Amino acid sequence: MRILHGFAGGFIAAMLVIAGTHAGAAEDLMIVSSERDGIYLNPTNRRFRYQDLVLHNVGVKNTGDRVLTVETLRIDLLAAGEVQLSSYVPVATLVSDTRQLAGNPLPIFNAFQLLATGGVADFFEEETTLATGPAIAAGEGLVSSGHHFSVGFAPDAVRITVEALAERGGRQTASLDVPVVEAPTTIRYRSPVKGTWFMRALPGVESHHRLNAATEFAVDFFKLDREGRAVVGDRVDTNNYPGYGQPVFAAAAGVVVHVESTAVQDRSAFLPREGESPKDRGRRLQDMMMQAFQENARRAAGGNLVTIRHEVDGYAEYSSYGHLKSGSILVQAGDVVESGQQIAAVGDTGDSPEVHLHFQVNAAPDAFTSKSIPFSFEGVQHAVRPPEPGLMIRVRD
């Protein structure tokens with residue numbers, strides 16, 4: 001089973017996506033994608049005009065009564081109507097991705113991955129059985145996820161094309177064009193923390209958030225001491241983390257729409273037990289997290305969480321603040337907050353082995369099943385300019 005690190009980057013995090021699909025069909029062959037409203041182009045090097053994008057979920061379904069055998073899945077990046085880059089997804093990869101989706105131990109994982117609260121049925125907008133191979137019978141479908149592209153041009157559309165061989169002869173081809181769109185800049189955000197912090201998980205391909213559609217552009221904040229350490233001493237004691245208990249501020253004015261405040265972290269669980277091998281410890285921690293996800297998947301992933309709705313000129317989006325300290329939340333649903341108002345404190349609840357603040361912006365209130373939106377912070381100063389991604393390192397003598 002493949003589980004991509006999502007909301008926190010801990011031992012288990014659900015794979016995150018968008019309710020509603022966009023469909024393209026030819027006879028009995030249908031294509032759907034979770035990128036209904038378009039794919040965001042992410043600038044990775046403005047100086048040299050490099051950009052990247054992620055096509056998170058592609059579904060192929062047989063809506064007829066004949067068996068169709070998928071032979072080709074191609075993804076084209078277009079500019080001004082012309083194909084600039086093509087990528088063929090091996091059918092074996094399409095089948096493998098589908099089997100992993102079908103093998104998810106909890107239905108909520110599929111909802112998170114497909115950004116569809118009802119899982120596979122919502123993604124395809126009708127009841128659908130996942131196929132076990134390239135031959136898909138009536139009502140069956142295949143799903144492939146996490147297609148990343150880095151380019152030196154500005155694509156304006158992504159075209160998905162599927163070719164299949166029909167059971168009694170003949171070929172079918174279906175295609176779907178998904179627009180590439182610019183990120184909205186209506187809402188202005190300030191940093192949810194003050195002072196000097198290490199901000200990581202920036203939206204590059206190495207970010208543990210990037211291949212999850214709901215957390216694609218999320219960032220994490222770690223407070224470091226004067227020697228560049230996120231923890232000094234015993235990792236079990238949260239008081240040894242410089243960031244623990246630091247205030248968290250609303251990044252923009254808005255209305256609180258969701259609060260989760262019941263999460264409590266058991267840090268002692270991360271310690272190895274007497275006679276326990278690393279493998280056994282990993283299995284125990286995974287079992288512990290799976291139980292937490294069964295009880296409340298959103299709480300297990302995000303811990304204590306606040307979500308705020310921001311609206312300007314009729315346009316709205318939602319900021320979320322995760323892994324908050326137990327007992328620290330100062331707001332409740334319905335409260336109106338000002339930009340810069342303290343709402344909680346940094347903690348380690350949920351899928352968060354290290355103390356940090358998780359911040360993301362989404363298109364809808366549910367931070368786990370709605371599309372991630374790119375954002376930037378005003379008033380942030382970079383230690384080294386021009387700013388670019390880097391690694392905080394310590395070198396031993």
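Any chance the range 121-138 includes a residue that's open to solvent by 30 Å² or more (accessible area, probe 1.4 Å), of a type in the set (D, E, K, R), modelled with pLDDT of 95 or more and farther than 24 Å from ASP177 by Cα?
For the range 121-138, residues open to solvent by 30 Å² or more (accessible area, probe 1.4 Å), of a type in the set (D, E, K, R), modelled with pLDDT of 95 or more and farther than 24 Å from ASP177 by Cα: absent.
Hey, among the residues in the range 177-205 that are farther than 30 Å from GLY254 by Cα and open to solvent by 10 Å² or more (accessible area, probe 1.4 Å), which one's modelled with the lowest pLDDT?
Start the filter on the range 177-205 by keeping residues that are farther than 30 Å from GLY254 by Cα, which leaves 177-178, 205.
From what's left, open to solvent by 10 Å² or more (accessible area, probe 1.4 Å): 177, 205.
Numbers: ASP177: 96, VAL205: 88.
The residue in question is VAL205.
Give the range 151-173 a look and list any residue that's within 25 Å of the chain's Cα centre (by Cα) and over 15 Å from TYR88 (Cα atoms), or say none. Outline the logic, then answer.
Within the range 151-173, the subset within 25 Å of the chain's Cα centre (by Cα) is 151-161.
Residues satisfying the conditions are VAL151, GLY152, PHE153, ALA154, PRO155, ASP156, ALA157.
Working carefully through the options VAL180, VAL205, find the one that is farther than 23 Å from MET289 by Cβ and in a strand (DSSP E or B). If you could, list the steps in order and put the result at the bottom.
Values: VAL205 fails: in a strand (DSSP E or B).
Only one candidate passes the filter, namely VAL180.
When you scan the range 266-289, how many residues do you find that are out of contact with any helix residue (DSSP H, G or I) (no Cβ under 9 Å at 6 or more places or on another chain) and either part of a loop (DSSP other than H, G, I, E, B) or in contact (Cβ under 8 Å) with a residue 40 or more places away in the chain (or both)?
Initially, the range 266-289 is screened for residues out of contact with any helix residue (DSSP H, G or I) (no Cβ under 9 Å at 6 or more places or on another chain), giving 268, 274-275, 277-280, 282-283, 286-287.
Now drop any that are not either part of a loop (DSSP other than H, G, I, E, B) or in contact (Cβ under 8 Å) with a residue 40 or more places away in the chain (or both), which leaves 274-275, 277, 282, 286.
The total comes to 5.
Scan SER145, SER150, SER191 and give me the residue that is within 27 Å of PHE48 (Cα to Cα) and among the hydroxyl-bearing types (Ser, Thr, Tyr). Please lay out each step first, then the result.
Working: SER145 fails: within 27 Å of PHE48 (Cα to Cα); SER191 fails: within 27 Å of PHE48 (Cα to Cα).
It is SER150.
Restricting to the range 45-64, count the residues that are part of a strand (DSSP E or B), closer than 16 Å to ALA135 by Cβ and open to solvent by 10 Å² or more (accessible area, probe 1.4 Å).
So the answer is 0.
Among the residues of the range 247-264, is any farther than 30 Å from THR186 by Cβ and in a helix (DSSP H, G or I)?
Among the residues of the range 247-264, not one is farther than 30 Å from THR186 by Cβ and in a helix (DSSP H, G or I), which makes the answer no.
Among the candidates ARG210, ARG159, ARG99, which residue alone is part of a strand (DSSP E or B) and either open to solvent by 30 Å² or more (accessible area, probe 1.4 Å) or in contact with a strand residue (DSSP E or B) (Cβ under 7 Å, 6 or more places away or on another chain) (or both)?
Values: ARG210 fails: part of a strand (DSSP E or B); ARG99 fails: part of a strand (DSSP E or B).
From the options ARG210, ARG159, ARG99, the qualifying one is ARG159.
Can we say GLY228 is at pLDDT below 95 and either surrounded by 11 or more Cβ atoms within 10 Å (Cβ to Cβ) or part of a loop (DSSP other than H, G, I, E, B) (or both)?
Details: at pLDDT below 95: yes; either surrounded by 11 or more Cβ atoms within 10 Å (Cβ to Cβ) or part of a loop (DSSP other than H, G, I, E, B) (or both): yes.
Yes.
Could you check, for the range 36-43, whether at least one of its residues is open to solvent by less than 10 Å² (accessible area, probe 1.4 Å), hydroxyl-bearing (Ser, Thr, Tyr) and at pLDDT 95 or above? Spell out how you get there, then give the answer.
Quick first cut of the range 36-43, residues open to solvent by less than 10 Å² (accessible area, probe 1.4 Å) only: 38-39.
Pick out the ones that are also hydroxyl-bearing (Ser, Thr, Tyr) and you get none.
No, because not a single residue in the range 36-43 is open to solvent by less than 10 Å² (accessible area, probe 1.4 Å), hydroxyl-bearing (Ser, Thr, Tyr) and at pLDDT 95 or above.
Suppose we keep only residues that are within 17 Å of LEU73 (Cα to Cα) and of a type outside the set (Ser, Thr, Tyr) within the range 167-176. Which one would you say is most open to solvent (accessible area, probe 1.4 Å)? Even if it seems obvious, please write down each step before you answer.
Kept after step one, since they are within 17 Å of LEU73 (Cα to Cα), are these residues of the range 167-176: 171-176.
From what's left, of a type outside the set (Ser, Thr, Tyr): 171-172, 174, 176.
Details: ARG171: 154, GLN172: 5, ALA174: 2, LEU176: 9 Å².
Within the range 167-176, the match that is most open to solvent (accessible area, probe 1.4 Å) is ARG171.
Report the residue count in the range 213-224 for those that are open to solvent by 20 Å² or more (accessible area, probe 1.4 Å) and at pLDDT 95 or above. It would help to see each step written out before you state the result.
Residues of the range 213-224 open to solvent by 20 Å² or more (accessible area, probe 1.4 Å): 222-224.
Those left that are additionally at pLDDT 95 or above: 222-223.
Number of matching residues: 2.
Against the conditions (1) crowded, with 17+ Cβ neighbours inside 10 Å; (2) of a type in the set (Ser, Thr, Tyr); (3) not in a helix (DSSP H, G or I), where does THR117 fall short? Just the number, please.
THR117 satisfies every listed condition except (1).
Assuming ALA263 fulfils every condition listed in (1) in contact with a helix residue (DSSP H, G or I) (Cβ under 8 Å, 6 or more places away or on another chain); (2) closer than 24 Å to TYR315 by Cα apart from one, which condition is it?
The failed condition is (2).
Determine, yes or no, whether THR93 is more than 12 Å from ALA164 (Cα to Cα), open to solvent by 40 Å² or more (accessible area, probe 1.4 Å) and in contact with a strand residue (DSSP E or B) (Cβ under 9 Å, 6 or more places away or on another chain).
Working: more than 12 Å from ALA164 (Cα to Cα): yes; open to solvent by 40 Å² or more (accessible area, probe 1.4 Å): yes; in contact with a strand residue (DSSP E or B) (Cβ under 9 Å, 6 or more places away or on another chain): yes.
Against the criterion (more than 12 Å from ALA164 (Cα to Cα), open to solvent by 40 Å² or more (accessible area, probe 1.4 Å) and in contact with a strand residue (DSSP E or B) (Cβ under 9 Å, 6 or more places away or on another chain)), THR93 qualifies.
The values are calculated or read from the model by the stated rules, or taken from the named source; none is laboratory data. Predicted model only: the values in this text are computed from it and were never measured. Please note: Cβ atoms are built from the backbone with ideal geometry, for glycine as well, and neighbour counts cover all protein chains shown. Remember, those area values only see protein heavy atoms, side chains included, never the ligands or the DNA or RNA. Shrake-Rupley method; radii C 1.70, N 1.55, O 1.52, S 1.80 Å.
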